[in-house]
Amino acid sequence: MAARPIATLTVSFGLVSIPVKLYSATEASRAISFNLLHKGCGSRLKQQYLCVKEDVVVPREDMVKGYEFEKDQYVMFTPEELKLLEEAGTHTADIAEFVPVESIDPVYFDKAYYLAPDKGGAKPYALLARALRESKRCALGRWAARGKQYIVMIRPAEDGLVMQQLLYAGEVRSIKELEIPDTEVKDAELKLAQQLIEQQASDKFDPSTYTDEVRARVEAAVQKKVEGHEITMAEAPEGGAEVIDLMEALRASLEKKKAPAPLKAVEPERKAPRRAQQAEPAPRKAAKK
């Protein structure tokens, strides 16, 4: 199935405007979710909100949003007041600057989108993609949507452009908050560690070599349940051995033969779970006259 755009916008830098179509780069629908059911009859549960003071169920029309400025002290906002505070949505991503791609720590990366040229945008789109690729830079700008304002990074990909939402500085904790002791590393240890890295190095990241084993296990368990089978508990994997001698562990790792690369698993076509066959009802006996 061909990908469908979720929005259209214009990427602008200087006096150049590029009409583009926006596509989600990830699939949230791939996640497996479970519903809460009543254990007794298996029916779906309905969520309700209780007032902690009066212990009564509060209907949605009686709910308002509030901000806790002190412990148990709130200021309330009406939907109209919250609407006024929202950022007006724009159909433009305004580029403010160009920076080296490697200067942005991936810890700031948030949701990613693919960009494709819209009608009349093929030429400037190709120009921006090539200019970014050859300069090894990315574009930084702002984009407003869903009532919020986002920092966005537009970077070249293999066949086009990717627009990556970035987190604000206040949304990322500093690693300096952690207590990391200053520890001496010996030259011999460093050399062995570098050899181990080279032994397991690859030229590029191939995501197809990694499969979601947990998802496959959950899907298999769901299918067993649908077919009326019970699930047996698997044995827990043994934990790794405790590292006592760092040098000895590095040497053992290097001497261990490198495992062959896993075969690329062909993901089977997804099908709806088969429902358990129900037994046909027994024919009714004729009523006695």
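The values are calculated or read from the model by the stated rules, or taken from the named source; none is laboratory data. Values in this document were obtained by computation on a predicted structure and should not be read as measured data. Note that we place each Cβ from the backbone using ideal geometry, even for glycine, and neighbour counts take in every protein chain shown. Each accessible area value is taken on the protein alone, full model and side chains, heavy atoms only, with ligands, DNA and RNA left out. Shrake-Rupley method; radii C 1.70, N 1.55, O 1.52, S 1.80 Å.
When peptides 188-199, 138-149 are ranked by their average number of other Cβ atoms within 10 Å per residue, the highest-first order is 138-149, 188-199.
Residue-wise HN-Hα couplings along the stretch 98-114, as the Karplus relation 6.51 cos²θ - 1.76 cosθ + 1.60 with θ = phi - 60° gives them from phi, are 10, 10, x, 4, 6, 7, 9, 5, x, 4, 8, 5, 10, 5, 10, 10, 8 Hz; Gly and Pro carry x.
Solvent exposure of residue 61, expressed as accessible area, is near 150 Å², computed with a probe of 1.4 Å over the protein chains only. If I ignore ligands, DNA and RNA and count only protein heavy atoms, how much of residue 23 is accessible to a 1.4 Å probe, in Å² to the nearest 10? Number for this one is 40 Å². Taking R0 as 30 Å, what FRET efficiency do you get between residue 218 and residue 49 from their Cβ-Cβ distance, rounded to the nearest 0.05? Using R0 = 30 Å, I get an efficiency of 0.50.
Rounded to the nearest 10 square angstrom, residue 212 shows an accessible area of 100 square angstrom against a 1.4 Å probe.
Against the criterion of solvent-accessible heavy-atom surface with a 1.4 angstrom probe, 153, 63, 247 sort, most first, into 63, 247, 153. Inter-label distance, residue 130 to residue 74: 5.8 nm, where each label sits 7 Å from its Cα along the C-beta direction. Looking at this model, which pairs from 21/119; 21/83; 21/148; 46/225; 39/225; 111/148 are more than 18 angstrom apart at the alpha-carbon? From 21/119; 21/83; 21/148; 46/225; 39/225; 111/148, over 18 Å: 21/83; 21/148; 46/225. With a cut-off of 16 Å on the backbone N, the residues of the stretch 125-148 near the modelled label site 7 Å out from residue 17 along Cα-Cβ are 125.
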